[in-house]
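The structure appears right after this line, and notes come after that.
The values are calculated or read from the model by the stated rules, or taken from the named source; none is laboratory data. Just so we're clear, the structure is a prediction, and the values are computed from it rather than from any experiment. Glycine also receives a Cβ, built like all others from the backbone with ideal geometry; neighbour counts cover every protein chain displayed. Surface areas here come from the heavy atoms of the whole protein model, side chains and all, with no ligands, DNA or RNA. Shrake-Rupley method; radii C 1.70, N 1.55, O 1.52, S 1.80 Å.
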Amino acid sequence: MGNIKEMEIELEKLKLQEEMVFKEMKNFVTQKTYVDAKIKVLSKILPTLKTLKVETRGLVDTIHSIAESAESISNKVRTLDCARNRVEECQQRVGDLIDLGLCSEGVQTAILNEDYEKGAAHVHRFLSMDQSLLRKTATDVENISSVLKAVGTLQDAASQLRTIVQLKFDEAVRMEDLASVERFFKIFPLLDMHDEGIRKFCNYLSEKLKDTAEKNLHAALNTSASDKRHNVKFADTLTLLFEGLARIIDIHQPLVETYYGPGRLMSVVSYLQKECDTQVKLIMMEFNKHRQTNKKINQISEISKLSSTSSFSKIEKVDPKDLDILIQEITIMHVRMELYIKFIKRKVISDIEISVPAIDERNNSIKQLDQLINASDLSRSKHDLLSLYLKLEQYFMEESVSKAVGMDSTETSQQTSSMVDDTFFIIRKCIRRTITSGSLDGICAVINIACGVLENDFCGVLRGRLRQGYPSGYLDLTQAYNVLQTSIQHGRLQPSDTEQIRTAFIVALNNADSSTEYVETLCDSVLTDVQKAIPNLNTNEQGKLESCLSGLSAVTTNLKEVIEYGMQQLRVSVIKPRISPWVDSFLNMNHQFTEDELSEYEAGESFVQTLIMNLDSLLSSFKNSLTDSNYDGLIKILITEVTARLEKVVLKSTFNRLGGLVLDKEVRSLAGYLTSATTWSVRDKFTRLSQIATILNLERVTEINDYWGNHDGALTWRLTPTEVRTIMNLRIDFKLEDIQRLKL
Amino acid sequence: MEDFKFLFKVVLVGNAGVGKTCLVRRFTQGLFPPGQGATIGVDFMIKTVEVENEKVKLQIWDTAGQERFRSITQSYYRSAHALILVYDISCQPTFDCLPDWLREIEEYASSKVLRILVGNKIDREDREIPTVVGEDFAARHNMYFLETSAKEAENVEKLFMKIAEDLMQQARSKDLPRYDSITTNISGRTSSISDSNCCSKLT
């Protein structure tokens, strides 16, 4: 059984296999035609492939041969190039030789004909040839001797020409033949004599300069004292010198640049600078001699030694007015020097920028220029002049301000006195003058000096006047002031000493206040003036100026301290002694009203009405005599004193409900009055007092909770909880245990 | 508003060629420029340093030592908070001139100015002024004393930092209110110490 079943399965398998084999065979048969066609195509292609291979091989060979021939061609080209260069060189040499011949022939004729330009041109051509090459060429050429002879001739001619040109130049200078001078000046560079040419030419120019300068100085010295330029004759001479120099540089720069090339201006300037230095020194010597500068400086230092304690002294040997003219001249001289130095710098630097491309080298050249200028007598004279100027200007400023203070006078209609206007006029004048000198260091120094004069001397005088105090006198102050005012108005002013001191005090206080404004205006105007006079300040210079100016504006701090000092004087001598009795009268009053007493009190003149009336008359006595801001300052002091004193007396009194009500009303009307007296809010100063009044005006103890705590209706308290409790205790109707029970 | 709380003016004085400019350059720029030309008039540099977490701006005025610039340089003494008097330890004449300089300082500077004596160029072999002589001079004139080398950057930082610290201390002690001021209206000004009553005793 098992076998049969197995055999059947096997049979099935075989059958399946047979079927598959059939299928495959069928497939093969159908593919046969396709395959046959392919084979046919392939057998056709086969011979073509063979020829292809042959042809490819041929192509490779061709490329190889092309490469080789290209190589050989480029080789040939290189050789050709080389050959061409040699030909060119050869041509050059031939050219040189021909030129050499021509030049050597021409040069002698030219010299004989005195055609030095032509001769020099021949030499120049010769000098432009490569001398060593020339010698080598000579050995290559058959006609050695003729070439060498030509070289020799030209070398001789060159040295001959050099001598001739120098001689001719010197001769032209002697003859003052400007055309010939310029003619030979142009020949020097052709003979490779650039430095020599510039030196000689500059010496010539220097001589010319010297003549003119000496003539100018002589003329200046002979200027009669009545001449209107007499006071600035040295400045004029200096101006002429610099203008002459600048003209020389301007005229000759193109000439030098054309014939000598750019980059020569520095040496031109350095030659001219020597003569400039000599002339400046001469002028300065005569200036110092004729204007007696040394004598003046000695006098000034003598004076300052004698009165070293203060610059305001009685000894006056040199009138500052006499110095005014001299100082003016010095500033002109200084600014001329400054301008000339700037001119040279600008010219030379632009010449350097054209001729020196490398930055490093260029900076070096510029450094050299700076050294040249800084080491010159011109710079030294300029510095000496500035030093002289500063000494004189300082003396002028100090003495003039001291004079202004000494001649101080008060116009009755003015709040300030003449010394403020005068002092600031002088200081502005000095600073403006220093700005015209063109020196930033000078400007800064004068600003510093002005600071010193204002801070020490000017503020010192104001402080000294305030130190005298404000005498309150026996009379009631209001009355005293009214008497003073009416007598002033009627022009029969015979003020007593006390009144005079009072006026002086008030005026000094006002002077200090208006001076702060003057200082601020001065600072602003100086900054703009300097920026206009010296544009292009670098950041460092700007910083320097601003720092000195901030020193000047800091003078306002000193002035404010002076004002503060005066205000304290007023507080002690006027406000406090007046106010204390007025406020203290509060203590003598009853603050525990019955209804009847209240209406009676309100019908009569209440405490606050009297107080306001007194304050009003006190203030009105000052209102017109003080400047606005001083008046404000006075009111501030007054309010502080009144509120402090009132707080003290309130704390010493006891109140009932109606008493508290009245107090609250009175505090309000007092605050209202003082607010109306000023332009700013006084509420802040009244906060504590108002809060005290509010507490004393409460209905019940617990009502405080409406105002205390963290809710919307709460106040920002200036009083501590302990203070609140103490104040509540002043109400006779509040129970102690209720107050203690409060949670604050 | 600039970012500093204190501003101090420091002025350097002393004979020509003692190295004032080099000290300033070393401190402000970290450089030692060789072949420094003579200063003309007054030079001006600023450096902000930090002392106790506060920014301190030092305004350094480097004056020319040459006589002919004296009237320019003198005008800066009055507002100086600190004056550095420099001499060259290898050059006796620069030390011999110190009394003249002190006279000038007495005459023109505020009496409260902080004064520092500096012996510069200690890198040099040819010392002429022994340290103790400088110390002695400084002690006699109530000055702080330091020897420096701008070339080797020795004590330069210390010098200026010490000045900044001392000036700040002075300024702080002055900042306390002087009286119950009703008109304190010196607003926005950087604290400076024009008339500090703090004595400048340095040890």
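Quick look at the values:
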{"quantity": "Paramagnetic label zone (point 7 Å from Cα along Cα-to-C-beta, A:SER669; backbone N under 20 Å) in region A:695-719", "calculated": "A:695-698"}
{"quantity": "Between A and B, accessible area buried - total, square angstrom, nearest 100, 1.4 angstrom probe", "calculated": "2400"}
{"quantity": "Principal-axis tilt of helix A:657-677 within chain A, Cα atoms, nearest 10 degrees", "calculated": "50"}
{"quantity": "Inter-centroid distance (Cα atoms) of region A:680-706 relative to region A:195-254, Å", "calculated": "86"}
{"quantity": "Euclidean distance of C-alpha centroids, region B:76-106 and region A:443-462, integer Å", "calculated": "24"}
{"quantity": "Solvent-accessible surface ranking, highest first, for A:LYS200, A:LYS38, A:LYS685 at 1.4 angstrom", "calculated": "A:LYS38, A:LYS685, A:LYS200"}
{"quantity": "Sequence of B:CYS97, A:CYS90, A:CYS202 from largest to smallest accessible area, 1.4 Å probe", "calculated": "A:CYS90, B:CYS97, A:CYS202"}
{"quantity": "Gain upon complete extension [A:PHE425, A:SER409; 0.36 nm per residue less C-alpha separation]", "calculated": "4.2 nm"}
{"quantity": "Neighbouring partner chain Cβ atoms per residue of B:36-47, average, 10 Å criterion", "calculated": "4"}
{"quantity": "Angle in degrees between helix A:116-128 and the longest Cα principal axis of chain A, rounded to the nearest 10", "calculated": "70"}
{"quantity": "Approximate spin-label separation A:ASN364-A:LEU598, in nm, with each point projected 7 Å along Cα-to-Cβ", "calculated": "10.2"}
{"quantity": "With every protein chain in place, region A:589-740: carbon and sulfur % of accessible area (1.4 Å)", "calculated": "50"}
{"quantity": "Proximal aspartates and glutamates to B:LYS174, defined as alpha-carbon separation beneath 14 angstrom and excluding residues fewer than eight positions away on the same chain", "calculated": "B:ASP166, B:ASP195"}
{"quantity": "Estimated inter-spin distance, A:TYR707 and A:GLU605, nm [label 7 Å along Cα→Cβ]", "calculated": "3.0"}
{"quantity": "Reach of A:LYS15 by Cα under 25 Å, taken over lysines that are not fewer than 8 positions away in the same chain", "calculated": "A:LYS5, A:LYS23, A:LYS26"}
{"quantity": "Modelled FRET efficiency - R0 25 Å, A:THR109 with A:GLU182, Cβ distances, 0.05 increments", "calculated": "0.55"}
{"quantity": "Calculated FRET efficiency for the pair A:ASP632/B:GLU157, C-beta based, R₀ 51 Å, to 0.05", "calculated": "0.55"}
{"quantity": "Estimated translational D of the protein assembly as shown in µm²/s (Stokes, Kirkwood radius over Cα pairs; 10 °C; 1.306 mPa s)", "calculated": "41"}
{"quantity": "Theoretical gain in end-to-end length, A:GLU546 to A:ASN85 [0.36 nm per residue, Cα-Cα removed]", "calculated": "159.1 nm"}
{"quantity": "Solvent-accessible area, 1.4 Å probe, carbon plus sulfur percent, for region A:265-408", "calculated": "52"}
{"quantity": "Under 5 Å, built H, 5+ apart or other chain: amide partners of B:GLU154", "calculated": "B:SER149"}
{"quantity": "Degrees, to the nearest 10: A:628-651 long Cα axis against longest axis of chain A", "calculated": "50"}
{"quantity": "Extension reserve of the A:LYS118-A:ALA37 stretch, reckoned as 0.36 nm per residue once the Cα distance is removed", "calculated": "19.1 nm"}
{"quantity": "Cβ-derived FRET efficiency at R0 25 Å, A:ALA714 paired with A:ASP684, nearest 0.05", "calculated": "0.85"}
{"quantity": "When each of A:LYS233/A:LYS367; A:LYS296/A:LYS429; A:LYS429/B:LYS47; A:LYS210/A:LYS289 is checked by Cα-Cα distance, pairs over 24 Å", "calculated": "A:LYS233/A:LYS367; A:LYS429/B:LYS47"}
{"quantity": "Alpha-carbon centroid distance for the pair region A:524-549 / region A:618-645, whole angstrom", "calculated": "40"}
{"quantity": "Probe 1.4 Å, all protein chains present, accessible-area order of A:GLU499, A:GLU18, largest first", "calculated": "A:GLU18, A:GLU499"}
{"quantity": "Surface accessible to a 1.4 Å probe, per residue, for the residues of chain A, Å²", "calculated": "55"}
{"quantity": "Charged-residue dipole, Cβ positions (Lys, Arg, Asp, Glu), chain A about Cα centre, Debye nearest 20", "calculated": "1180"}
{"quantity": "Listing of region A:385-412 residues, each with accessible area lower by at least 30 Å² in the full protein assembly than in the chain alone (probe 1.4 Å)", "calculated": "A:SER387, A:LEU390"}
{"quantity": "Chain A: relative contact order as a whole-number percent, Cα under 8 Å and 6+ apart", "calculated": "7"}
{"quantity": "Cα-based Lys pair tally, region A:589-740, threshold under 30 Å, eight or more apart or on separate chains", "calculated": "16"}
{"quantity": "Under 14 Å from A:LYS118, Cα to Cα: aspartates and glutamates that are on another chain or at least 8 residues apart", "calculated": "A:ASP99, A:GLU105"}
{"quantity": "Inter-chain Cβ neighbour average for residues B:63-73, partner chain, 10 Å", "calculated": "5"}
